[in-house]
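What follows is a short report on a single structure.
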Amino acid sequence: MTPTTTTTAARPDVETEEGGFGLAVQDSLTLVRRNLTSLRRQPQLLVFTAIQPIIFILLFRFVFGGAIQAPGNIDYVNYLLTGIFVQTTTFSAIQTGIGLADDLNKGIVDRFKSIPMSRGAVLAGRVGADAIRNVFVVAIMVVVGYAVGFEFTNGVLGAVLALLLILAFGSAFSTFGAFLGLRFKNPETVQAAAFPMIFPLVFASSIFVPVQTLPGWLQAFVKVNPLTLVTDTVRGLALGQPFEVWPNLGWALLWMTAIVAVFGTISVRLYRKA
Amino acid sequence: MTDPAIVVEDVVVAYGETKALDGVSFEVPQGTVLGLLGPNGAGKTTAVRVLTTLLQPTSGTATVLGRDVVTKASAVRRTIGLAGQYAAVDENLTGRENIRLFGDLYHVKNPKQRAIDLLERFDLTDAADRSARTYSGGMRRRLDLAASLVNEPQVLFLDEPTTGLDPRSRLALWDVIEDLVSGGTTLLLTTQYLEEADRLADTIAVIDHGKVIAQGTAAELKAQVGGQVLDIRVRPADVSRAAEALRSVAGDEELKTDEAAGSLSLSAPDGGAFLVRAATALQDADVELDEISLRRPTLDDVFLTLTGSAMTGEPEEPA
């Protein structure tokens, strides 16, 4: 329940922001370090995060791989893996939400809020730590990918830019996870709420199958789905033709900006009220 | 006289129709301990959340060291420490890392040395580099308390610091808290344990359904019950007969009975003389006495007298 108090925004005399930008960055880094240490001590979480995408790789590569025809002369394994990189960072947003909900539940957020520190640092620290975790997860996936026949076919620069875009999207989307965490405040509920929202996004996209194979009504959604636009850009960068970087990159960046603007803002607001 | 450390004036916190706090006022002089005593759901945690800037009151004002908790929130945060209802520690971090974390966030001068000192002070040096997951309940609370002291707060808030602890750990934590306030820290402590308030607090505010229903020292509150209390134990089957016999000597005095436990208690305004009258009446009624004793009233009796019901409230509103 939300107390019927006047909100901070309605009271311009309210002094809530702490310190300057420098201190906010310092506090965020302190919390990134704390979250990573915490994660390192929960190896089961890391293993789980890495194993799920590996299962997806193996399933789609060997079970569906023969039945699914990638566009152009592309090998399906290349088509699939680029998609799975994006899918994995999308799912990892759930961990952002679970981490925040956990801190809320344990009263740790209360303590953070009773400290004269930047209000945004707790969110930034969580998103930042999850970005670093994604680096490791994506690295594992590239290795596993190469083991099952994947390769970057558009040069080193293309590969690096593709990976950067994947990580950037992961961070942008983790603001959605932060929103779920602060909205539902309970790790189990966050998980339960996230799946029905994220599954359709992931499967009704170009991640696993070419858009042309889908019924027309579904294509309408799939073509504007941010995951399609990000994945297609990643393919343009990592694999080259027939995938186009432009205008997909433009749309992908627009989506990412919108996601951060909307869910970042709502999350900060929810955090203040939490 | 110096200004009070905490001033709460007519604070209301409303969740729609429900009022978690319904016009609460109290003051805590500097260097003293206020025990905010009440059952679950009485509004204790809400009061702490208002005073620690976590929740803005719907109406009314609250200040800590003269600073308004809403308009001067960050100034207030610099001077307070909070240990919440749950031991708010990251159990994946070690004790030392937990304290370092909060030292870093407060930007204290030498967070490393501060952690060493606090771990030593709270008897956690040996466990300092073990993950907090391995700590016992009492150790977690001590770690939580240590973390709340990182910034050397002038005003400390402890929300049910010993809830869920076994009696031995509770006694140990009481010692730690007593030691703390002897150094001059102002403390607001919430508790649902009457003996805890009795032991630690200079003054007690009894809170129920969002309202302060009584305020004073433990002795003053006990005086409200009046005189002493007579406790009697008989066989469970004899309770109703005993009650009848006692009514003849006690008149309108409020008589509490517990059939299952075979216990009866009533206030004994004139002490020893009343005990004799009661014992005689029971003997005349052929009730066999297991036990009869006079005692000073506890805060339990105070609560019963003030509210007409024992301290069994509804679950606390999730904060």
Quiz prompt | One residue from B:K44, B:K72 being among the basic types (K, R) and over 22 Å from B:Q192 (Cα atoms) | solution = B:K72
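Check whether at least one residue in segment A:148-168 is among the aromatic types (F, W, Y) and in a helix (DSSP H, G or I), and report yes or no.
The initial filter retains those residues of segment A:148-168 that are among the aromatic types (F, W, Y), namely A:150, A:152.
If we keep only those that are in a helix (DSSP H, G or I) too, we end up with none.
For segment A:148-168, residues among the aromatic types (F, W, Y) and in a helix (DSSP H, G or I): absent.
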Practice problem: Just give me the residues in segment B:1-22 being farther than 20 Å from B:T185 by Cα and either assigned to a strand (DSSP E or B) or in contact with a His (Cβ under 6 Å, 6 or more places away or on another chain) (or both), in sequence order. | Solution: B:E9, B:D10, B:V11, B:V12, B:V13, B:A14, B:Y15, B:T18, B:K19, B:A20, B:L21, B:D22
Quiz item: Among (1) surrounded by fewer than 21 Cβ atoms within 10 Å (Cβ to Cβ); (2) in contact with a helix residue (DSSP H, G or I) (Cβ under 7 Å, 6 or more places away or on another chain), where does B:S182 come up short?
Solution: (2)
Quiz item: Can you tell me which residues in segment B:23-68 are touching a His at 6+ places or on another chain (Cβ under 9 Å) and within 13 Å of chain A (Cβ to nearest Cβ)?
Solution: B:G43
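Please enumerate the residues belonging to segment B:69-80 that are among the aliphatic types (A, V, I, L, M) and within 10 Å of chain A (Cβ to nearest Cβ). Talk me through it step by step, then tell me what you get.
At the first step, the residues of segment B:69-80 found to be among the aliphatic types (A, V, I, L, M) are B:69-70, B:73, B:75-76, B:80.
If the condition is that a residue be among the aliphatic types (A, V, I, L, M) and within 10 Å of chain A (Cβ to nearest Cβ), then B:V70, B:A73, B:A75, B:V76, B:I80 are the ones that fit.
Taking the condition within 21 Å of B:L145 (Cβ to Cβ), buried (at least 22 other Cβ atoms within 10 Å of the Cβ) and out of contact with any Asp or Glu (no Cβ under 9 Å at 6 or more places or on another chain), does B:L51 pass? Show your work before the answer.
Numbers: within 21 Å of B:L145 (Cβ to Cβ): yes; buried (at least 22 other Cβ atoms within 10 Å of the Cβ): yes; out of contact with any Asp or Glu (no Cβ under 9 Å at 6 or more places or on another chain): yes.
Yes.
Return yes when A:V222 is modelled with pLDDT of 95 or more, in contact with a helix residue (DSSP H, G or I) (Cβ under 7 Å, 6 or more places away or on another chain), surrounded by 14 or more Cβ atoms within 10 Å (Cβ to Cβ) and over 18 Å from A:A159 (Cα atoms) and no when it is not. First the steps, then the outcome.
On the way: modelled with pLDDT of 95 or more: yes; in contact with a helix residue (DSSP H, G or I) (Cβ under 7 Å, 6 or more places away or on another chain): yes; surrounded by 14 or more Cβ atoms within 10 Å (Cβ to Cβ): yes; over 18 Å from A:A159 (Cα atoms): yes.
Against the criterion (modelled with pLDDT of 95 or more, in contact with a helix residue (DSSP H, G or I) (Cβ under 7 Å, 6 or more places away or on another chain), surrounded by 14 or more Cβ atoms within 10 Å (Cβ to Cβ) and over 18 Å from A:A159 (Cα atoms)), A:V222 qualifies.
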Exercise. Scan segment B:286-319 residue by residue and report those that are modelled with pLDDT of 85 or more and either within 14 Å of chain A (Cβ to nearest Cβ) or more than 29 Å from the chain's Cα centre (by Cα) (or both).
Key: B:D286, B:V287, B:E288, B:L289, B:D290, B:E291, B:I292
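How many residues are of a type in the set (S, T, Y) and surrounded by fewer than 16 Cβ atoms within 10 Å (Cβ to Cβ) if we restrict to segment B:286-303?
In the first step, residues of segment B:286-303 are kept if they are of a type in the set (S, T, Y); the result is B:293, B:298.
Still in the running and surrounded by fewer than 16 Cβ atoms within 10 Å (Cβ to Cβ): B:293.
The number of residues fulfilling the criteria is 1.
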Quiz item: Would you say B:A250 is buried (at least 18 other Cβ atoms within 10 Å of the Cβ), modelled with pLDDT under 80, over 29 Å from B:A197 (Cα atoms) and over 30 Å from the mean Cα position of the chain (by Cα)?
Solution: yes
Practice problem: Scan segment A:92-108 for residues that are in a helix (DSSP H, G or I) and closer than 17 Å to A:T175 by Cβ and jot them down. | Solution: A:A93, A:I94, A:Q95, A:T96, A:G97, A:I98, A:G99, A:L100, A:A101, A:D103, A:L104
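Matching residues to (1) modelled with pLDDT under 85; (2) surrounded by 15 or more Cβ atoms within 10 Å (Cβ to Cβ):
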| residue | (1), (2) |
| --- | --- |
| B:Q224 | yes, no |
| B:V234 | no, yes |
| B:D258 | yes, no |
| B:P269 | yes, no |
| B:D284 | no, no |
Quiz item: Does A:V143 fit the bill of being assigned to a helix (DSSP H, G or I), free of Cβ contacts under 8 Å to residues at least 40 places away in the same chain and on the phi < 0 side of the Ramachandran plot?
Solution: yes
Quiz item: Looking at segment A:38-72, which of the residues that are among the basic types (K, R) and under 30 Å from B:N98 (Cβ atoms) is surrounded by the fewest Cβ atoms within 10 Å (Cβ to Cβ)?
Solution: A:R40
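Listed here are the residues, each with its yes/no results for (1) surrounded by fewer than 23 Cβ atoms within 10 Å (Cβ to Cβ); (2) farther than 26 Å from A:Q42 by Cα.
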{"site": "B:S131", "(1), (2)": "yes, no"}
{"site": "B:T134", "(1), (2)": "yes, no"}
{"site": "B:N151", "(1), (2)": "yes, yes"}
{"site": "B:T163", "(1), (2)": "yes, yes"}
{"site": "B:I204", "(1), (2)": "no, yes"}
{"site": "B:V212", "(1), (2)": "yes, yes"}
{"site": "B:L221", "(1), (2)": "no, yes"}
Quiz item: Do the conditions hold for B:A147, that is, is it crowded, with 22+ Cβ neighbours inside 10 Å and within 24 Å of the chain's Cα centre (by Cα)?
Solution: yes
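For segment A:11-47, name all the residues that are among the aliphatic types (A, V, I, L, M), at pLDDT 85 or above and in contact with a helix residue (DSSP H, G or I) (Cβ under 7 Å, 6 or more places away or on another chain). Can you show your working first?
Of the residues in segment A:11-47, the ones among the aliphatic types (A, V, I, L, M) are A:14, A:23-25, A:29, A:31-32, A:36, A:39, A:45-47.
Of the ones still in play, those that are also at pLDDT 85 or above are A:23-25, A:29, A:31-32, A:36, A:39.
A:A24, A:L31, A:V32, A:L36, A:L39, listed by residue number.
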Quiz item: Does B:I116 satisfy the condition of being β-branched (V, I, T), closer than 24 Å to A:D27 by Cβ and touching a Leu at 6+ places or on another chain (Cβ under 9 Å)?
Solution: no
Practice problem: List every residue pair whose Cβ atoms lie under 9 Å apart, where the two residues are 6 or more positions apart in sequence or sit on different chains, the first residue falls within segment B:192-212 and is under 23 Å from B:E9 (Cβ atoms), and the second residue, located anywhere, is basic (K, R) and part of a helix (DSSP H, G or I). | Solution: B:I207/B:K44
Exercise. Identify all residues within segment B:208-244 that are more than 28 Å from B:E259 (Cβ to Cβ) and touching a Leu at 6+ places or on another chain (Cβ under 6 Å); write none if there are none.
Key: B:G210, B:I213, B:A214
Quiz item: With respect to the numbered conditions (1) in a helix (DSSP H, G or I); (2) surrounded by 24 or more Cβ atoms within 10 Å (Cβ to Cβ); (3) more than 15 Å from the chain's Cα centre (by Cα), which one is the sole condition not fulfilled by A:S205?
Solution: (1)
Quiz item: Mind checking whether some residue in segment A:69-82 is over 24 Å from A:F173 (Cβ atoms), part of a helix (DSSP H, G or I), aromatic (F, W, Y) and free of Cβ contacts under 8 Å to residues at least 60 places away in the same chain?
Solution: yes
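From the list B:V229, B:V239, B:V206, which one is assigned to a helix (DSSP H, G or I) and among the aliphatic types (A, V, I, L, M)? Full working, then the answer.
Details: B:V229 fails: assigned to a helix (DSSP H, G or I); B:V206 fails: assigned to a helix (DSSP H, G or I).
Selected residue: B:V239, the only one of B:V229, B:V239, B:V206 that is assigned to a helix (DSSP H, G or I) and among the aliphatic types (A, V, I, L, M).
The values are calculated or read from the model by the stated rules, or taken from the named source; none is laboratory data. Computed from a prediction, not measured in an experiment: that's the story for all the values here. Please note: Cβ atoms are built from the backbone with ideal geometry, for glycine as well, and neighbour counts cover all protein chains shown.
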